[in-house]
Amino acid sequence: MHKLTGHLRRPHALTRNLSSCFAYGLHSLRFHSKLIRKSAMAGILSMLLSAASSAAFAMPEIMPLSEVMPGMSGTAYTVMDASGEMRSFQVDVVGINGTGRDDSKMIMARAYGPLIDETDGVLQGMSGSPVYIEDRLVGALSIVIKDTSRRNFFIMPIERMLPLWDMPDTKGKIQFPTIDLKKIAEEKVEQEVTEEEVEEADRLDIPSDAAVSAREKEKTQETAAGTEAEANLQDGKTASAAAVGAETASKEQQPKAQEEMASFGFSGFHDAGLSFLNKKLAPFGLQGKYQTDFSATSPAGGTTYQADIGPGDAVGVALIYGDFYVGATGTVTAVDGNRLLAFGHPFMHNGNVNYLMTDASVIGSVQSELTGMKIANGGNIIGRINQDRASGVAGIVGTFPEVVPMRVNVKDTALNRDESYGVRIAYNENMLTSLSAAVLYAAISNTSDTQDESTATVKFSIRTDAANGGILKRTNMFYSPTDVGQVAILEMAEMLNVICTNTDAASSILDMQFDVTVDSGRNTASLVSAVPDKMKVKPGETVNFKTTIKPYRKEKEVLTIPYTVPKTQKKGTMNLDLRGGGFIPVNQLAMMQAADMEKTQTTRDKLRNLLALGKNNEIIIAPGAVTEVMSEAEQKKAIREAVEASKRQTEEHHVNLLGATPAEGQSPEKKFETNYIIDNVIHATLQVEND
């Protein structure tokens, strides 16, 4: 033990990462200005300026693979329980696995000693434990050898891990402006807030309107989603197990080290939520396996700016952090300054990545005849994992990833429950949609605690530079006879998918907020009739439809819906459809035009189109099927004219689909919002006369 700490620990330089610490603190001050006043400002600055001396680590001398010989003995180090004590066990080198290039070879070894006797072999979660021979670092415990005793394992050579520190890193990172500490100390924050607002903003990490304004002004200096990474969401009640996995060996055949990836741990997901999560993770070859909740021993989930973490310590890698958690824990192999290597095998093998790095507290271990695992709770965010490769993971302590803060409030009227959930999601364009959908579904499922028929009203806002005005807002109603959460997430997922597949540039997402109300039962209605107050109309004239609807198992209701005939409407019979907003007309030219326009649509166009779609609880009155027979050439001409007219209307009247509507009489559609999901279509006719 003394050999490990003796040559790795050195006095901590006060200036190590101090500018980053100051910058991170200022970043938090700027975007939480409503939460800081007078003494609070002084206290935070004092904290930043009085960075305590703690242990840092330097890269030890290594033993290259070429010098490793069968019969050599060494020592491995790891933390095994809540005491945090560094334990050791002995290692004998059996041989070198592989006859090809050095970048594919691994070291076969066998573990023994009192610790191994206690655990009956190597456990999942020990992966990354540093192995030393003659006081030189050889590599990291990687994976056990299949179909043999768990005392047999492979060591990932340190030579295969070191290149991770020098690989390209282009993924999202927080960038900080220049800091003027004297100016900060002299500035005063003028805004007042209530204690409740302070607690809520601290917990959920949602910036004030003033912060948003400031954020827009400094957009050239800072990444949008990154502005939230330093906030302090509560709930460190996360636990996971980074798996070493069981791989195979036999005396007759040289064992092969198949790639092993971390087994996901999760927290906060009930059974339905976990099932949904695994369905979303399946395309990535992942599955959440272990859930634990050691709230009594978990640290408060926040951010540590200068973490004291070294070889043998537990470390976490997280995709979702907060009231819900998805990630894994393993062991640190080596630290050099603020650079870290861990795991000795991939997390997800995604190359250059943008994950949350956390410290972790080991709880204990469990064993069986076939397997065993070391269980640890993910703790505070301490940095960013930026490489996820075959030989392990690498990251930077004190540098933080771009994240997407997400808040969900769910109210269940039947149970009289009102629950709020807050998480931060590591911004990975390929996974953000799936992870966000899993969080929203789990929040609904956990609160409502039922998969019986329900109706959900979902209101959400997504602040992103991909949208006009910087924000996407939408409210819609959803019904399902079983598990309404499955359909309640669909619109959000579709919008996020458009944002994350922006073909022009990577989009930033500042935050996402969801408010969901769940009512038990079926809240739908059918259209019965629509009678106009006059049959003969002129272009531009308004007619009122007396519309009767029949809610499910309730009395009929009568609504008056005004409809303005388009000024361009031709003389003759005008067929109108009255339909629920979720219905698409059978004879929909827009369906044909969408296929033609899809390739040329920008991301903003796509988002505008999604926001313009009818809502399930709307009654839409719009021109219906054309009665006259049109040739193929006439149909194509009609489509072109419709597309051009739509473009002109948008340009001339500056249509803002985030809220504004076209000038009166310009739109051929009328949308009328109701308290029910409209589940059918009916028809009406008008006679249009000349002016």
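Taking the average, over residues, of other Cβ atoms within 10 Å as the packing measure, peptides 455-468, 419-432 rank 419-432, 455-468 from highest down. Charged neighbours of A314, selected by a Cβ distance under 11 Å, balance to -2 (K, R count +1; D, E count -1). Looking at region 466-536, the accessible area is 40 square angstrom per residue; that uses a 1.4 Å probe and ignores ligands, DNA and RNA. Suppose every K and R has +1 on its Cβ and every D and E has -1 on its Cβ; what is the size of the dipole of region 324-458 about the Cα centre, in Debye to the nearest 20? For region 324-458, the charge dipole is close to 460 debye. For the cross-link pairs K473/K546; K546/K567; K570/K670; K570/K615; K171/K280, which exceed 20 Å when the distance is taken from alpha carbon to alpha carbon? Long pairs (Cα-Cα over 20 Å): K473/K546; K546/K567; K570/K615; K171/K280. In this Cβ point-charge picture (+1 for Lys and Arg, -1 for Asp and Glu), region 481-561 has a dipole of about 820 debye about its Cα centre. Per-residue packing, averaged as other Cβ atoms within 10 Å, sorts the ranges 408-418, 318-328 into the order 318-328, 408-418, beginning with the highest.
Between V315 and G330, T331, V332, the built amide H atoms are under 5 Å apart, and every one of these is 5 or more places off in sequence or on another chain. Net charge in the neighbourhood of P481 (other residues with Cβ under 13 Å of its Cβ; Lys, Arg +1, Asp, Glu -1) is -3. The overall shape of region 434-554, judged from the alpha-carbon gyration tensor, is oblate: a/c is not under 1.5, and a/b is no greater than b/c.
In this rough spin-label picture, where each label sits 7 Å from Cα along the Cβ direction, the H683-N468 distance is 3.4 nm. For region 347-355, just list the computed ³J(HN,Hα) in residue order, Karplus coefficients 6.51, -1.76 and 1.60, θ = phi - 60°, integers in Hz, with x standing in for Gly and Pro. So the Karplus estimates, Gly and Pro as x, are 8, 10, 6, 9, x, 5, 10, 9, 10 Hz.
The values are calculated or read from the model by the stated rules, or taken from the named source; none is laboratory data. If you're wondering where the values come from, they're calculated on a predicted model, not measured in any experiment. So basically every Cβ, Gly included, is an ideal-geometry build from the backbone, and we count neighbours across all protein chains shown. We work out accessible area using only protein heavy atoms, side chains counted, and drop any ligands, DNA or RNA first. Shrake-Rupley method; radii C 1.70, N 1.55, O 1.52, S 1.80 Å.
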